[in-house]
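Student: One structure, as structure tokens, below. Some questions next.
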Amino acid sequence: MSSPIELQSDETFILNVGPQHPATHGVLRVKMEMNGEYIVEAETVIGYIHRMHEKMGELKTYPQYLMNLSRMDYLGALGYSHGHVLVVEKAAGIEVPERAEYIRAIMVELNRVASHLFWFGAFVMDLGGFSPLMYALQDREHILDMLEAVTGSRLTYCYFRYGGLYNDVDDQFIESARKFIPRMRKSLKKYHTLVTGNIIFRKRLEGVAPLSKETCRKYGASSAVARGSGINFDVRKNEPYSVYPEFDFDVPVYHGCDSLARYNVRMDEIEQSLRIIEQGLDKLPGGPIMPKKKPKIIKPPVGDYYQAVETARGSFGVRLVSDGGKTPYRLKLRSPTYSNMHLFDESCRGMLISDALAFMGSLDLVIPEIDR
Amino acid sequence: MICEKTKLALQTLFPKAAPTASDVTIDTDAREKDKKKKIEPRQNGLVERDYAIHGYHLDAQVAAGQIIEAVTILDEAEFFIEAITGVDWIKDNQLEVVYDFCRYDFDLCRVVIRTRLDRNAAEVPTITDIYAGANWHERETHEFFGIKFLGHPNLIPLLLPEDADFHPLLKDFKA
């Protein structure tokens, strides 16, 4: 039998977290230099599922590329499609009927709730609580059923078209969406009793992994990562697009700068999304879902266009450089988790490894979206 | 407000000083321009864009040596970094590096800084000393376009395999 390894107090060792590790929620690897349980230095290694969506963007025509966007972030896919169709519509000058914009907003918000629910379950599971995931998935299932009935798919939607939508919503969808809102509100209360007040949960998050405003700015963090650090920044409010100015909703901002603040922001965001869905269903105008006049072949005029949207994971930006051809000259996808993940290396120094994993969970990572 | 201030600050980069009409050209409607017009390499300078069409307010093209100066101006005005990327203008034999900036503010101002480099000697100073978050963006631009960021602490492939010696987003790249 070999004797256990004994380390000197100042001696460090290398620990590989991932690329296949349940806590990283995907194929992400973090090379950590450890001193006992404490992290001395960390280096995030990404790119394990890099698929070069940007090159595909240059090779495919505009309509052919529609389905690529939902392969980026499999939890909140509709938000990404929204950013893409908005930039192409802006560049090509395609008018979108009001009904289509309302349905888009409702769908994106439903998708956001689904994404936050999954994150909630997975995050609590990272911290050792298994049952909240089951409750969260049960609620998420309702959303996926509703989205499936309208869009035709449960995860990788290809629902938005340039100028409108693939399919109109029916009365059944509206009815089930209306039923879902009170149900979700009840569940939220349950989650708060079950998890938010739990003393073990709070002790693992409160005051852990502080992120200053300055760090957020230097790395370009967005979503709950920025809003948990007291930055009031939500693209839906700061840079209004689509029909979001028509809705009355709040942007939850917490000043704790810790993992708990990031948790609280996302939980409050679920309620705000429900408010938007509710108002969207009330205000939903009639009319067509596709414009009458639409170019058969989409050829945006020469120029450089940018559009940012708030997805479930933060500020997602699309830069489209067009040379007037059938395919984009250059399509840059600015993914929010990429920036959010980047600040992990610097911020986790000196942290306990268990706290670092909780921190990683609070960043809400979806790896295919980082790797693109 | 903040856009005006940033505009004035960025104008100091272009020594022709007085803000004449030729210095700040207002691009009112890009769609009215002749669609068949060839894209010509732009001269360095500051252009105010129509936000409703382009999605950003200020567009400054600077010389590669002025990048640090331009980014410092934005850092002092509390901009955050959105992304860095490249565009391959193979017909002009040039590579373009594009920097996107925005602010955590309701006074919206999106700024784009760009610089054109010679395609055969694409080198630009790193801005990681100013924005730590530029690290990954510069590594990505390096591997995709082969643009060298001078002074970057760790310029190795990020998304591509670690031994990758090709630059897939160049227009003459064949898989």
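Student: Would you check if A:Arg178 is surrounded by 13 or more Cβ atoms within 10 Å (Cβ to Cβ) and either more than 26 Å from A:His84 (Cβ to Cβ) or in contact with a Ser or Thr (Cβ under 7 Å, 6 or more places away or on another chain) (or both)?
Tutor: Numbers: surrounded by 13 or more Cβ atoms within 10 Å (Cβ to Cβ): yes; either more than 26 Å from A:His84 (Cβ to Cβ) or in contact with a Ser or Thr (Cβ under 7 Å, 6 or more places away or on another chain) (or both): yes.
Considered against the rule, which asks whether it is surrounded by 13 or more Cβ atoms within 10 Å (Cβ to Cβ) and either more than 26 Å from A:His84 (Cβ to Cβ) or in contact with a Ser or Thr (Cβ under 7 Å, 6 or more places away or on another chain) (or both), A:Arg178 comes out as yes.
Student: Does the range B:87-110 hold any residues that are assigned to a strand (DSSP E or B) and more than 9 Å from the chain's Cα centre (by Cα), and which are they?
Tutor: B:Val87, B:Asp88, B:Trp89, B:Gln94, B:Leu95, B:Phe101, B:Cys102, B:Arg103
Student: Continuing with this model, one more query. Please identify the pairs in which a residue from the range A:50-64 that is closer than 18 Å to A:Cys158 by Cβ and in contact (Cβ under 8 Å) with a residue 60 or more places away in the chain has its Cβ atom under 6 Å from the Cβ atom of a residue that is among the charged types (D, E, K, R) and buried (at least 17 other Cβ atoms within 10 Å of the Cβ), counting only partners at least 6 apart or on another chain.
Tutor: A:His53/A:Arg372
Student: Restricting the first residue to the range B:71-83 and requiring it to be within 21 Å of B:Glu140 (Cβ to Cβ), which pairs with a second residue that is assigned to a helix (DSSP H, G or I) and of a type in the set (Lys, Arg) meet a Cβ separation below 6 Å and a spacing of at least six or different chains?
Tutor: Every condition considered, the pairs that remain are B:Phe80/A:Arg217.
Student: Let me ask something else. Quick one: would you say B:Ile67 is away from chain A (no Cβ under 11 Å) and farther than 19 Å from A:Ser223 by Cα?
Tutor: yes
Student: Where the second residue is crowded, with 24+ Cβ neighbours inside 10 Å and assigned to a loop (DSSP other than H, G, I, E, B) and the first is within 13 Å of chain B (Cβ to nearest Cβ) and of a type in the set (Lys, Arg) and lies in the range A:76-99, which pairs have Cβ atoms under 9 Å and are six or more apart or on separate chains?
Tutor: These pairs meet every condition: A:Lys90/A:Pro300; A:Lys90/B:Gly55.
Student: Based on this model, can you work out whether A:Val17 counts as farther than 30 Å from A:Cys158 by Cβ, in contact (Cβ under 8 Å) with a residue 12 or more places away in the chain and out of contact with any helix residue (DSSP H, G or I) (no Cβ under 8 Å at 6 or more places or on another chain)?
Tutor: So A:Val17 fails the test.
Student: Please count how many residues of the range A:38-49 are facing another protein chain (nearest Cβ under 9 Å), in a loop (DSSP other than H, G, I, E, B) and of a type in the set (Val, Ile, Thr).
Tutor: Looking only at that region, the number is 1.
Student: Taking B:Asp88 as the residue in question, decide whether it is more than 30 Å from A:Pro240 (Cβ to Cβ), touching a residue at least 12 places away in the same chain (Cβ under 8 Å) and of a type in the set (Asp, Glu).
Tutor: yes
Student: What are the residue pairs meeting all of these: first residue in the range B:147-169, first residue closer than 20 Å to A:Pro368 by Cα and without any contact (Cβ under 8 Å) to a residue 12 or more places away in the chain, second residue outside any strand (DSSP E or B) and among the β-branched types (Val, Ile, Thr), Cβ atoms under 8 Å, and 6 or more apart or on different chains?
Tutor: Hits for this filter: B:Glu162/B:Ile156.
Student: Which residues, counting only those in the range A:157-189, are in a loop (DSSP other than H, G, I, E, B) and hydroxyl-bearing (Ser, Thr, Tyr)?
Tutor: Scanning the range A:157-189 gives A:Tyr157, A:Tyr159, A:Tyr162, A:Tyr166.
Student: Checking B:Ile53 against (1) modelled with pLDDT under 90; (2) closer than 25 Å to A:Tyr338 by Cβ, which test does it fail?
Tutor: (2)
Student: Which residues, taken from the range B:136-157, are facing chain A (nearest Cβ under 10 Å), among the aromatic types (Phe, Trp, Tyr) and closer than 24 Å to A:Thr215 by Cβ?
Tutor: B:Trp136
Student: Can you name the residue in the range B:115-135 that is surrounded by fewer than 22 Cβ atoms within 10 Å (Cβ to Cβ) and facing another protein chain (nearest Cβ under 9 Å) and, of all such residues, is nearest to A:Cys216 (Cα to Cα)?
Tutor: Per the criteria, the residue is B:Ala132.
Student: I need the full set of residues from the range B:40-70 which are part of a helix (DSSP H, G or I), of a type outside the set (Gly, Ala, Ser) and over 10 Å from the mean Cα position of the chain (by Cα), in order please.
Tutor: B:Tyr51, B:Ile53, B:His54, B:Gln66, B:Ile68, B:Glu69
Student: Then there is this: Please go through the range B:135-154 and give me each residue that is part of a helix (DSSP H, G or I) and more than 15 Å from A:His342 (Cα to Cα), ordered by number.
Tutor: B:Thr141, B:His142, B:Glu143, B:Phe144, B:Phe145
Student: Under 9 Å between Cβ atoms, which residue pairs at least 6 apart in sequence (or on different chains) link something in the range A:209-220 that is within 7 Å of chain B (Cβ to nearest Cβ) with a partner that is assigned to a loop (DSSP other than H, G, I, E, B) and among the charged types (D, E, K, R)?
Tutor: Pairs found: A:Arg217/B:Glu78.
Student: Considering only the range B:97-114, state which residues are of a type in the set (A, V, I, L, M, F, W, C) and either surrounded by 24 or more Cβ atoms within 10 Å (Cβ to Cβ) or at the interface with chain A (Cβ under 8 Å from one of its Cβ atoms) (or both).
Tutor: Answer for the range B:97-114, where residues must be of a type in the set (A, V, I, L, M, F, W, C) and either surrounded by 24 or more Cβ atoms within 10 Å (Cβ to Cβ) or at the interface with chain A (Cβ under 8 Å from one of its Cβ atoms) (or both): B:Val98, B:Phe101, B:Cys102, B:Phe106, B:Leu108, B:Val111, B:Val112, B:Ile113.
Student: Here is a follow-up. Among the candidates A:Met56, A:Met52, A:Met72, single out the residue that is within 14 Å of chain B (Cβ to nearest Cβ) and buried (at least 24 other Cβ atoms within 10 Å of the Cβ).
Tutor: None of the others qualify; the one that does is A:Met72.
The values are calculated or read from the model by the stated rules, or taken from the named source; none is laboratory data. Nothing here was measured: the structure is a model prediction, and the numbers come from that model. Heads up, the Cβs are rebuilt from the backbone with ideal geometry, glycines too, and the neighbour counts pull from every protein chain shown.
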